[in-house]
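Derivation of every value follows stated rules applied to the coordinates shown; laboratory data play no part. Since this is a predicted model, take the numbers as computed values, not measurements. Positions of Cβ are backbone-derived with ideal geometry, glycine not excepted, and every protein chain shown enters the neighbour counts.
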Ligand code: NDP
Ligand code: OXD
């Protein structure tokens, strides 16, 4: 039996080492060099080629190499019998909290403008709101969204959160489901997306939503590019409906050279680095799930195929 890694364009040697430092006896295959397809019982994937996973006759489970599992769920060839799991780790949470806080502070304290002003040698102070004057809304209150919302509330921002099921979070005004969306959006100055990509959440960052938040607000998207309707964002920025956008994820990555988001003062682009899975920090949970899959036990951090996350 073997554990297979499929992650095109990535150097997987650090993953192989991390798995072997947890258990040196695990046989590892790295796609496309596979000795015997029938030996593969567990796969760890990131952006795997579609219609590949159904060619392993004894595959029991697949883990995402990251927190999101949308790339696995969108593969219609993945047999129903194969369970899906993902990684969840304190490091992913910490990195996401840092990323969102950095973005919120940069927006609140106008650093986004000062950095541009440097290029023009412009000495021009701008007023800035205090945290308690700023309404920040977090879409998605899961492993990443909930601690992010709590941190912002702890720092004095007015925080609201939106999820599928009802939540109670200290210091955070929570809303749930489609019925709670409109109320949640009211008066938000900075809208943060930390939702999984599902049929319900695709294209959720659209013009209708932008019009419902505070005039000239900001959006921060660190979830998936497909949450955002690109042309609606450009329109909202050019019509002054939004003041700016801070984006870490894109429908096409790397963001193509000629994409309209580049070279705009009001769009901050980072190359999908908000929260990066580090092999040493998740190798033990991947090994644990590998062993669980072999023994027919329920996987940890299992993805609900029906809900899509
Ligand atoms: P979780 O599955 O832990 O949380 C998802 C949250 O979204 C839950 O609160 C869930 O509600 C809510 N949700 C799901 N569907 C809906 C819906 N239709 N309406 C309202 N709320 C909904 O995910 P994580 O927090 O671990 O990760 C979120 C996403 O962040 C990942 O899927 C990935 O795409 C992205 N990500 C990006 C990274 C980056 O570097 N840019 C790094 C890591 C992750 P409920 O609580 O009720 O279930
Ligand atoms: C993830 C990501 O889902 O990096 O882990 O986007």
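Compactness of the stretch 213-262 was expressed as the Cα radius of gyration divided by 2.2 N^0.38 Å, which yields 1.11. Considering only Cα atoms, the convex hull volume of the stretch 1-118 works out to 149 Å³ per residue. Kirkwood-type hydrodynamic radius, the chain: 20.8 Å, calculated from all non-identical alpha-carbon pairs. Peptide packing for 225-233, 189-197 was compared via the average number of neighbouring C-beta atoms within 10 Å per residue; ordered from the highest value, the list is 189-197, 225-233.
Protection proxy ranking for 116-127, 85-96, using the average of other Cβ atoms within 10 Å per residue and placing the highest first: 85-96, 116-127. The Kirkwood radius of the stretch 97-242, taken over pairs of alpha-carbon atoms, gives through the Stokes-Einstein law at 25 °C and 0.890 mPa s a diffusion coefficient of 157 µm² s⁻¹. Take every DSSP beta bridge whose two residues both sit in the stretch 1-131; close to 5 percent of them are antiparallel. Taking the average, over residues, of other Cβ atoms within 10 Å as the packing measure, peptides 271-284, 209-222 rank 209-222, 271-284 from highest down. Rounded to the nearest whole angstrom, the semi-axes of the ellipsoid equivalent to the stretch 179-309, taken from the Cα gyration tensor as √(5λ), stand at 34, 19, 12, largest first.
Please give the Cα centre distance for the stretch 121-177 versus the stretch 228-291, rounded to the nearest Å. The distance from the Cα centre of the stretch 121-177 to that of the stretch 228-291 comes to 19 Å.
Spin-label pair residue 51-residue 304: with each label point 7 Å from Cα along the Cα-Cβ axis, the two points sit 3.2 nm from one another.
With an a/c value of 1.5 or above and a/b larger than b/c for the gyration tensor axes a ≥ b ≥ c computed over the alpha-carbon atoms, the stretch 135-176 is described as prolate.
Counting other Cβ atoms within 10 Å as a rough exposure proxy, the listed residues 136, 303, 287, 22 run 22, 287, 303, 136 from fewest neighbours to most. Expressed as a whole percent, how much of the Cα-Cα distance distribution for the stretch 57-119 exceeds 20 Å? Tail of the P(r) past 20 Å holds 54 percent of the pairs. With Rh defined as the Kirkwood radius, the inverse of the mean 1/r over Cα pairs, the Rg/Rh of the stretch 99-175 is 1.10. Please list, in order, the residues from the stretch 179-213 whose amide nitrogen is less than 19 Å from a point placed 7 Å along the Cα→Cβ vector of residue 235. 202-213, by backbone N distance to the label point. Calculated over the stretch 28-77, the projected area of the Cα convex hull averaged across directions stands at 3.3 nm².
Taking each residue as 0.36 nm, the span from residue 154 to residue 118 lengthens on full extension beyond its C-alpha to C-alpha distance by 9.8 nm.
The C-alpha atoms of the chain define a longest principal axis, and helix 13-22 lies at about 70 degrees to it.
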